[in-house]
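Undergrad: My structure is below; once you've seen it, I'll send some questions.
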Amino acid sequence: MTTATAQPFPGAVSDYHGFTRYDFVVDGCAAIVVAPAQPLTGTPWVWRAEFFDAFPGIDLALLAEGFHLAYIQVGNTFGCPDALQHWDVFYAALTTQYGLAAKPVLEGLSRGGLYIYNWAARNTGNVGVLFGDAPVCDFKSWPGGKGKGDGSTEDWQQLLQAYHFASEEEALSYPLNPIDNLQPLAAARIPIIHVYGDADTVVPHEENTAILERRYRQLGGEILTIAKPGVGHHPHGLPDPSPVVDFIIRHLGLR
């Protein structure tokens, strides 16, 4: 909730698709906040995990509705625990120093899914909605390529290092991939929405969103998935962002 003591955003000011962008540093990491022209009461915000400004249609629609947009660059670290420590600091800064809402929307595009689910499972009281856009929900699928997906050998090696795994065998037995760690989210009644292409060979639906959707429903959680027939991993987003925007606004109680 915005208060009289909330500080103005620091850093360089520039234009972002007609909105005001602030670039600054938090916890040694480059950070971005984009402010709407007319912030909504309660200062809701969407926290984008990866690929800032890639396929931004839904972000721009939320900005137009009065949401702030935020991002912190933690490197290509696949939602590992070290990266999430930077996320903790960023969250604390935005909600205490700068007055943004206590329960943001977490947006995970592609590998960003690992960040939002891993952070949410550790911070269930600090999440309003989870939005996945062709999200990675199991790193064995991508970048591991241990199923039907294309995988990425280079990214898989980087993931092993980022998580400090001693071996590939340790990574393959890791118990906290998003598909395996949904109980905390269901217990907290966090609503989830995913958009995916049913022809995606990079992050295959059946190894990621389909498993997560089935398990979340079994746990009593609420999840809506929107398929894009014949679409692969790209393009992300939706031609009409309103189904995602409406879901978010409704579940945050803003409409």
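The values are calculated or read from the model by the stated rules, or taken from the named source; none is laboratory data. None of the values given here were measured: they were computed from a predicted structure. When we count neighbours, we look across all protein chains shown, and the Cβ atoms used for this are built from the backbone with ideal geometry, even at glycine.
Undergrad: Just wondering, is there one or more residues in region 173-183 that are farther than 26 Å from Gly221 by Cβ, buried (at least 21 other Cβ atoms within 10 Å of the Cβ) and not small (Gly, Ala, Ser)?
TA: No: zero hits.
Undergrad: Restricting attention to region 204-224, and to residues there that are in contact (Cβ under 8 Å) with a residue 60 or more places away in the chain and among the aliphatic types (A, V, I, L, M), which single residue is nearest to Gly149 (Cα to Cα)?
TA: Ile211
Undergrad: Please verify whether region 167-188 includes one or more residues that are touching a helix residue (DSSP H, G or I) at 6+ places or on another chain (Cβ under 7 Å), more than 27 Å from Thr225 (Cα to Cα) and not in a strand (DSSP E or B).
TA: The answer is yes; a qualifying residue exists.
Undergrad: Continuing with the same structure: Which residue out of Gly237, Gly221, Gly230, Gly253 is over 26 Å from Gly42 (Cβ atoms) and in a loop (DSSP other than H, G, I, E, B)?
TA: From the options Gly237, Gly221, Gly230, Gly253, the qualifying one is Gly230.
Undergrad: Can you find a residue that is in contact (Cβ under 8 Å) with a residue 40 or more places away in the chain, of a type outside the set (Phe, Trp, Tyr), buried (at least 16 other Cβ atoms within 10 Å of the Cβ) and touching a helix residue (DSSP H, G or I) at 6+ places or on another chain (Cβ under 6 Å) anywhere in region 80-91?
TA: Yes: one or more hits.
Undergrad: From the list Gly128, Gly145, Gly149, Gly99, pick out the single residue that is under 14 Å from the mean Cα position of the chain (by Cα) and either crowded, with 19+ Cβ neighbours inside 10 Å or on the phi > 0 side of the Ramachandran plot (or both).
TA: The unique qualifying residue is Gly128.
Undergrad: Could you list, ordered by first residue, the pairs with Cβ atoms under 9 Å in which the first is in region 157-181 and at pLDDT 95 or above and the second is loosely packed, with under 12 Cβ neighbours inside 10 Å, at least 6 apart or interchain?
TA: So the pair list comes out as Leu160/Ala166; Leu160/Ser167; Asn181/Pro175.
Undergrad: Where residues in region 1-20 are over 17 Å from Val46 (Cα atoms) and surrounded by 11 or more Cβ atoms within 10 Å (Cβ to Cβ), which of them is modelled with the lowest pLDDT?
TA: Looking at the filtered set, the residue picked out is Ala6.
Undergrad: Let me ask something else about it. Is there any pair linking a residue in region 27-38 that is touching a residue at least 60 places away in the same chain (Cβ under 8 Å) and surrounded by 14 or more Cβ atoms within 10 Å (Cβ to Cβ) to one that is part of a loop (DSSP other than H, G, I, E, B) and aliphatic (A, V, I, L, M), with Cβ under 7 Å and at least six apart or on different chains, and which?
TA: Short answer, once both residue conditions are applied: Cys29/Val74.
Undergrad: Can you name every residue in region 189-198 that is in a loop (DSSP other than H, G, I, E, B) and surrounded by 14 or more Cβ atoms within 10 Å (Cβ to Cβ)?
TA: Ile190, Pro191, Asp198
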